[in-house]
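Please read the structure below before turning to the comments.
The values are calculated or read from the model by the stated rules, or taken from the named source; none is laboratory data. What you are looking at is a predicted structure, and each value in this text was computed from that prediction instead of being measured. Counting neighbours? That spans all protein chains shown, and the Cβs are built from the backbone with ideal geometry, glycine included. Areas reflect the complete protein model, heavy atoms only, side chains present, ligands, DNA and RNA absent. Shrake-Rupley method; radii C 1.70, N 1.55, O 1.52, S 1.80 Å.
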Amino acid sequence: MGKAAEKTNAMRMLDKAGISYVCRNYTDTGAVSGADVASVLGEDPERVFKTLVTRASSGVYYVFIVPVCAELDLKKAARAVGEKSVAMIKSRELLPLTGYIHGGCSPVGMKKRFATVLDSSAEGKDTIFVSGGRIGLQIELSPEDLAKAVPLTLHGITA
């Protein structure tokens, strides 16, 4: 797992909660897109998820976790959280809001806790991958363990 100094907020939060996970490093592979990451990890892209942060028309922020090759359906996402509409936040807003940068945003260990929705495609999977909190790092854990770390709901939110 690496030295303590290499731990991210996400890893520290999982450790503190006693949740088991596996870190997978893909630094220096040239992987940029989610499909590239899944390929480098040798994993099905349906098991590798990206974390998206949105702001609703009400001004409330929401986090959505969807497979890397899927698109977030903004209408379904808004319905899932009981809002009229949601829109992706600008990349420059991500770090001050979450503590994470674009490409390394984990649903675990954000500066604040936001209502979080995991795409229902994760249901029934033994494990899924989410960002470990920095570019080049993925965390593998069960959807149930992710739900212990980050209170979330399951909804069909992809296009």
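Applying the set (1) buried (at least 24 other Cβ atoms within 10 Å of the Cβ); (2) more than 17 Å from Ala70 (Cβ to Cβ) to Val130 leaves exactly one unmet item: (2). As a summary of the residue check, Val48 satisfies the conditions (1) farther than 15 Å from Gly132 by Cα; (2) open to solvent by less than 20 Å² (accessible area, probe 1.4 Å); (3) not small (Gly, Ala, Ser) except for the one numbered (1).
Here is a check on your reading of the model: is Gly109 of a type in the set (Gly, Ala, Ser) and either buried (at least 20 other Cβ atoms within 10 Å of the Cβ) or in contact (Cβ under 8 Å) with a residue 24 or more places away in the chain (or both)? Judged against the criteria, Gly109 is a match. For region 20-45, the set of residues classified as open to solvent by less than 60 Å² (accessible area, probe 1.4 Å), assigned to a loop (DSSP other than H, G, I, E, B) and either closer than 26 Å to Lys112 by Cα or of a type in the set (Phe, Trp, Tyr) (or both) consists of Tyr21, Tyr26, listed by residue number. So which residues in region 71-106 are in contact (Cβ under 8 Å) with a residue 12 or more places away in the chain and among the polar types (S, T, N, Q), if there are any at all? Matches in region 71-106: Ser85, Thr98, Ser106. Here the condition is being open to solvent by less than 60 Å² (accessible area, probe 1.4 Å) and charged (D, E, K, R); of Lys7, Lys16, it holds for Lys7 alone.
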